[in-house]
Amino acid sequence: DNIGMLSGDVVDELSRKYDAWWATISPQNAKMVRVVLGDDRDNPACLTCMDWHSPDANNVWHQRQILTGPVANGFWAVDVSRAGRYRFELRRWPREIDTAINAAYRNPPDNKEQTPGVSIGAVSGYIDIAGLHQSQRLTGDARFLAFVLDLPAGPTELHTAFACKDQHERGAYYVYVE
């Protein structure tokens, strides 16, 4: 039932309360929730493309989309909890399936999701974080590219990408940080 038709006063009161509530939370909309790196309670940290900040983020929200290897990228808003040496694994596929970056992947027959995973044709990859940049060529059937960086503590952005044969870059859909 439409209560607005029953009592305009109730609707007016609810609208005023909603507007007041919205005014209290709206200033928070521009703030990013940061993934904490370097905390023993989440080590290794697993970052997925589903947490990217980017207009492309809608292209990788569902596992079926990731299987198709979309040309998409973004960054993770992170907070390095303590200065130190960090190891990053940039992956196309999650650790649980331990598959080569350029491998096509098919879910087991008993999995409901049967969209075939495609090869992205990656030739190299890079990482940018806290003003540091490293890149590597991809060799053979590499399952990941590993980077070790000494990071300062504090908030920053993590950017990653695989450069692919089709002349496009795709973000590392999965990144593990230890």
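The values are calculated or read from the model by the stated rules, or taken from the named source; none is laboratory data. Keep in mind that what you see is a predicted model, and the values were worked out from it rather than measured. Note that each Cβ is placed from the backbone with ideal geometry, even for glycine, and that neighbours are counted across all protein chains shown. Note: areas computed on protein heavy atoms with side chains; ligands, DNA, RNA excluded. Shrake-Rupley method; radii C 1.70, N 1.55, O 1.52, S 1.80 Å.
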_Leaving out ligands, DNA and RNA, and with a 1.4 Å probe, what % of the accessible surface on region 84-178 is carbon or sulfur?_
51 percent
*Estimated FRET transfer efficiency when R0 is 25 angstrom, pair residue 107-residue 46 (beta carbons, to 0.05)*: 0.80
*Counting only C-alpha contacts under 8 Å and six or more residues apart, can you give the relative contact order of the chain as a whole percent?*
28 percent
*asked:* Using a Cα-Cα cut-off of under 30 Å, which lysines could be cross-linked to residue 17, ignoring same-chain neighbours fewer than 8 residues away?
replied: 31
*Return the percentage of antiparallel bridges among DSSP beta bridges fully within the chain, rounded to the nearest 5 %.*
95 percent
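So if each residue of separation counts as 0.36 nm, and I subtract the Cα-Cα distance between residue 79 and residue 114, what length gain in nm does that give? Each step should come with its number before you reach the end.
Numbers: separation 35, 0.36 × 35 = 12.60 nm, distance 3.63 nm.
Fully extending the segment from residue 79 to residue 114 adds 9.0 nm.
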*Angle between the chain longest axis and helix 8-25 axis [Cα atoms, degrees, rounded to 10]*: 40 degrees
*What nm value, rounded to one decimal, do you get for the distance between residue 62 and residue 153 when each label is placed 7 Å out toward the C-beta?*
4.3 nm
*asked:* Given the options 27, 66, 126, identify the residue whose Cα lies farthest towards the positive end of the charge dipole of region 1-133 (+1 on Cβ of Lys, Arg; -1 on Cβ of Asp, Glu).
replied: 126
*asked:* Suppose the chain between residue 17 and residue 54 were pulled fully straight at 0.36 nm per residue; how much longer would it get relative to their current alpha carbon spacing?
replied: 10.1 nm
*Span from the region 37-53 Cα centroid across to the region 96-134 one, whole angstrom*: 17 Å
*Express the relative contact order of region 45-115 as a whole percentage, based on alpha carbon pairs under 8 Å and six or more residues apart in sequence.*
24 percent
*With a bin width of 10 angstrom, please list the P(r) values of the chain as percents of all Cα-Cα pairs, from the 0 bin to the one holding the largest distance.*
9, 31, 27, 14, 10, 7, 2
*With labels modelled as points extended 7 Å from the Cα through the Cβ direction, what inter-label distance (nm, one decimal) is found for residue 31 paired with residue 137?*
4.7 nm
